[in-house]
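Just so it is clear, none of the values below were taken in a lab; they were calculated from the coordinates. Everything quoted here is computed from the prediction, not taken from an experiment. All Cβ positions, even for glycine, are placed from backbone atoms using ideal geometry, and neighbour counts span all protein chains on display.
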Amino acid sequence: MTSWFAFFFVQTSLIAGHHVRLHKRLGVFGAVLAMCMVIVGATVAVRAAARDVHDPGATNPPPLIFMGFLLFVLAVFAILVAAALVLRRRGDYHKRLMLLSCLSMTGPGLFRISFARFPALVFLRTGGPSGLFGLDLLLVYACIAWDTWRHRRLHPAFALGALLIIAEDLPFIWHFLATPAWTHFATWMVGG
């Protein structure tokens with residue numbers, strides 16, 4: 001996952017340095033990297049859940065629910081990257097969707113941060129009121145606010161992409177992942 005952030009930095013540096021041809025060539029590698037990330041990420045999520053499903057103190061949230069969250073995050077990432085690749089000739093859409101693809105991957109990492117020393121900030125990890133103020137979403141909102149202020153309008157790529165990322169943190173996702181239907185399907189996925 002870290003390689004995606006490094007790749008994003010290299011690609012933005014190439015564009016900033018007007019090395020568009022090299023950026024395009026490396027874009028093929030980026031598409032393969034994104035596909036590998038989704039495959040490996042899904043495999044790791046399922047195997048981790050299979051390992052932890054019978055350990056009552058394994059994780060909070062429970063392993064099957066956390067696996068579902070990770071799979072949802074990977075699906076959002078895949079949609080954003082696929083849209084960015086389809087719209088690669090429209091630079092204004094492409095760059096915003098690629099930025100959002102990076103921001104979509106921050107949730108699972110930030111979720112693991114312990115806020116024990118800062119109890120007043122626990123709401124950031126849990127998604128805050130109505131799930132709209134998670135720490136990962138503050139990054140998305142900051143990028144959208146900056147871009148909207150700079151260009152005097154909300155770009156459609158940011159509007160639609162942000163809705164996908166916001167969906168990661170909304171309570172209905174977590175409620176769905178706690179349903180018997182998801183538990184049954186997730187148990188089948190982990191081979192239990």
Residues of the range 74-93 with backbone nitrogen within less than 12 Å of a virtual label 7 Å along the Cα-to-Cβ line of His18, please, listed as ranges. none
At R0 = 35 Å, how high is the FRET efficiency between Ala145 and Thr183 if r is their beta carbon distance? Nearest 0.05 is fine. 0.35
Under a crude label model (7 Å from the Cα following the beta-carbon direction), how far is Thr43 from Asp55 in nanometres? 2.1 nm
By the scheme Lys and Arg +1, Asp and Glu -1, what is the net charge of all other residues having a beta-carbon under 15 Å from that of His18? +4
Could you tell me the distance between the Cα centroids of the range 1-30 and the range 167-182, to the nearest Å? 35 Å
For Leu170 and Arg89, FRET efficiency with R0 = 41 Å and r from the beta-carbon atoms, rounded to 0.05? 0.80
